[in-house]
1. Just need a number here: residues in the stretch 1-44 that are under 15 Å from the mean Cα position of the chain (by Cα) and surrounded by fewer than 20 Cβ atoms within 10 Å (Cβ to Cβ).
2. What number of residues within the stretch 177-204 satisfy the criterion of being assigned to a loop (DSSP other than H, G, I, E, B) and either under 15 Å from the mean Cα position of the chain (by Cα) or among the β-branched types (Val, Ile, Thr) (or both)?
3. Picking from Leu201, Leu159, which residue would you name as being surrounded by fewer than 17 Cβ atoms within 10 Å (Cβ to Cβ) and touching a His at 6+ places or on another chain (Cβ under 8 Å)?
4. Which of (1) farther than 24 Å from Asp198 by Cβ; (2) touching a Phe, Trp or Tyr at 6+ places or on another chain (Cβ under 7 Å) does Thr141 not meet, given it meets every other one?
5. Out of the helices (runs of 4 or more DSSP H) lying entirely within the stretch 45-151, which hold 2 or more residues that are acidic (Asp, Glu), over 29 Å from Val188 (Cα atoms) and under 16 Å from the mean Cα position of the chain (by Cα)?
6. Mind checking which pairs have a first residue in the stretch 113-133 that is over 25 Å from His13 (Cβ atoms) and a second that is part of a helix (DSSP H, G or I), Cβ under 6 Å, 6 or more apart or different chains?
Amino acid sequence: MEYYELHNQNPQHRFIEKAVNVLKKGGVIIYPTDTVYGMGCDIFNKEALERIFHIKNHTNTKLFSFICSDLKDIAKYARVSDYAYRMMKHLLPGPYTFILPAAKIVPKKLWTKRKTVGIRVPNHAVTLKLVEEMGNPIISTSVTIKPGEIMNDPEIIRLTFEKQVDLMLSAGIGKDVPSSIIDLSDDVPQIIREGAGDVSLFQA
């Protein structure tokens, strides 16, 4: 595994480039977000997706969210209602995962049975630079030892996954609370998981 330590606010471009090169070659990486560390790959690389399913010990029915660079980017990969747009404009970038109707461009492997997808725009310079340089979304799934057991120490993550992933971008100790998940696929928003993001706007 290649391993690089980055500045939180001003990530070194050469390390971002190295990660992007790995992603474009079908690699799997670990990277920081505004909540927990994420594991990801190019959403359009089928083999890389299979690797992540294997690493996470999930069956192929387990679905992952993915990271976009901004609201304009989200509109390419999901259908966004006026209400969803207003809410996301107010809250993003931030510690939220929004469930939205999938656009046809998104690989069906990432769709739910309801034809929805989970999308994130984390408030973290490393993550946003990574996706901007990549030019398309990357998978976002929490780095865990087993379901629900989040890992936030980059050194422990490195030791645990050094033989399973190709590269890791480290930016210090991560948080141990995942993003809040809000379903905006219908007219009435639903709080799927209360995490790091404030969900009071969606409560009656």
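1. Here the count works out to 1.
2. The number of residues fulfilling the criteria is 8.
3. Testing whether each residue is surrounded by fewer than 17 Cβ atoms within 10 Å (Cβ to Cβ) and touching a His at 6+ places or on another chain (Cβ under 8 Å) leaves just Leu201.
4. Result: Thr141 passes all but (1).
5. Fully inside the stretch 45-151 and qualifying: 125-134.
6. Partner pairs satisfying both residue conditions: Val117/Leu110; Ile119/Ile74.
FYI, it's all coordinate maths here, none of it is from the lab. All of these numbers come straight from a predicted model, not from anything done at the bench. Note that we place each Cβ from the backbone using ideal geometry, even for glycine, and neighbour counts take in every protein chain shown.
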